[in-house]
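All remarks here apply to the structure that follows.
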Amino acid sequence: MAFQNLLTEDRGAVRVITVNRPDKLNALNRATLTELHLAFDQAAADDAIRAVVLRGAGEKAFVAGADIAELAGLSAVQARDLSRHGQRLMSKVERLGKPVIAMIGGWALGGGLELAMCCHLRVASEKAKLGLPEITLGVLPGFGGTQRLLRLAGRGAALELTLTGAPIDAARAHALGLVTRVVAPDQLEAETMKLAEQLATLAPQAVRAILDTALVGGESAIDVGLEFETQAFGVCFSTEDMREGTTAFLEKRKPAFSGR
Ligand code: COA
């Protein structure tokens, strides 16, 4: 299906999803959120796709937030509904079972930072600026940002960003653990694709297990996380990929993982 507000492209086993509203700095209107739901459903269902890169069109922005022109006219009931729609998308991305990398070339504000935070890895250009400016509009982040920032960067940083609304640069975001890698602007696409292609060569079941352990463990007592890890570790030994990985090591060759 053709999207109105997204571009999708497959580069080998990597699907690149681009939010494509550059004249509005890729702001997330409701239609774009709905298309992102569909695009991530498609990426999850396609066995040939092993990693996803999420980016914004143009040089200026990853995504500059929810569409303020749309927010301005919402009733309380519609705002609650929009928040659920956004939160469900963010949870879907987080639980995709395949690694998703946010490629942040410029502004990642509000819903844009919330979208980046539900991705598993975030690669930012040195020029990127990140923030949660909702407070300056008289509201708070509504797509999971208050909760994910707390978990990623701790209470102090989360309250500083949500209460001041002021954006921070990529270096500070990296120091806070909010982005996982910072690169020169002209290297952003190449470095992000290199990372995605590397992730796409790995054994998909083991990758999924690692993503799941981080999700479960991040929200549980350590004993629960450790037990989940033990079970996932055992399950890996039922896969052909585990045999391939260990055999390839012993035969001094590169493994070719099938996903089985
Ligand atoms: N929603 C809707 N439209 C947005 C938008 C958003 N979140 N962010 C940017 N735009 C639109 C602008 O209205 C402008 O549209 P126009 O050309 O039709 O007037 C266009 O994108 C370009 O933005 P502009 O503000 O002119 O660019 P800038 O370089 O001067 O400033 C920002 C960039 C990111 C600082 C500024 O656009 C901004 O503050 N955006 C809102 C960020 C925000 O509060 N996000 C949280 C929303 S909950």
**Request:** Of the conditions (1) surrounded by fewer than 19 Cβ atoms within 10 Å (Cβ to Cβ); (2) away from the ligand (no atom under 16 Å from the Cβ); (3) not in a helix (DSSP H, G or I), Gln198 clears all except one; give me its number.
**Result:** (3)
**Message:** For the stretch 100-143, which positions are among the charged types (D, E, K, R) and either outside any loop (DSSP other than H, G, I, E, B) or on the phi > 0 side of the Ramachandran plot (or both)?
**Reply:** Glu114, Arg122, Lys129, Glu134
**Message:** Scan the stretch 32-46 and tell me whether some residue there is of a type in the set (Phe, Trp, Tyr), closer than 21 Å to Gly131 by Cα and open to solvent by less than 40 Å² (accessible area, probe 1.4 Å).
**Reply:** no
**Request:** State yes or no: is Gly225 open to solvent by less than 80 Å² (accessible area, probe 1.4 Å) and modelled with pLDDT under 95?
**Result:** no
**Request:** Filter the stretch 109-120 for residues that are in contact (Cβ under 8 Å) with a residue 40 or more places away in the chain and either more than 10 Å from the ligand (Cβ to nearest atom) or among the hydroxyl-bearing types (Ser, Thr, Tyr) (or both) and give the result.
**Result:** Leu115, Ala116, Met117, Cys119, His120
**Message:** Which pairs turn up if I take residues in the stretch 130-145 that are more than 9 Å from the ligand (Cβ to nearest atom) and look for partners that are open to solvent by less than 70 Å² (accessible area, probe 1.4 Å) and in a loop (DSSP other than H, G, I, E, B) with beta carbon separation below 7 Å, at least 6 apart in sequence or on another chain?
**Reply:** Leu130/Pro167; Leu130/Leu178; Ile135/Gly165; Gly145/Leu132
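Scan Gly177, Gly259 and give me the residue that is farther than 23 Å from Ala43 by Cβ, among the small types (Gly, Ala, Ser) and outside any helix (DSSP H, G or I).
Every option except Gly177 fails the conditions.
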**Item:** Residue list for the stretch 37-72, restricted to those being within 16 Å of the ligand (Cβ to nearest atom) and touching a residue at least 60 places away in the same chain (Cβ under 8 Å)
**Value:** Phe62, Gly65, Ala66, Ile68, Leu71
**Asked** So how many residues does the stretch 183-195 have that are over 21 Å from Ile49 (Cβ atoms) and open to solvent by 20 Å² or more (accessible area, probe 1.4 Å)?
**Response** 4
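The values are calculated or read from the model by the stated rules, or taken from the named source; none is laboratory data. Being a predicted model, the structure only gives us computed values, none of them experimental. All Cβ positions, even for glycine, are placed from backbone atoms using ideal geometry, and neighbour counts span all protein chains on display. SASA here: full protein model, heavy atoms, side chains in, ligands and nucleic acids out. Shrake-Rupley method; radii C 1.70, N 1.55, O 1.52, S 1.80 Å.
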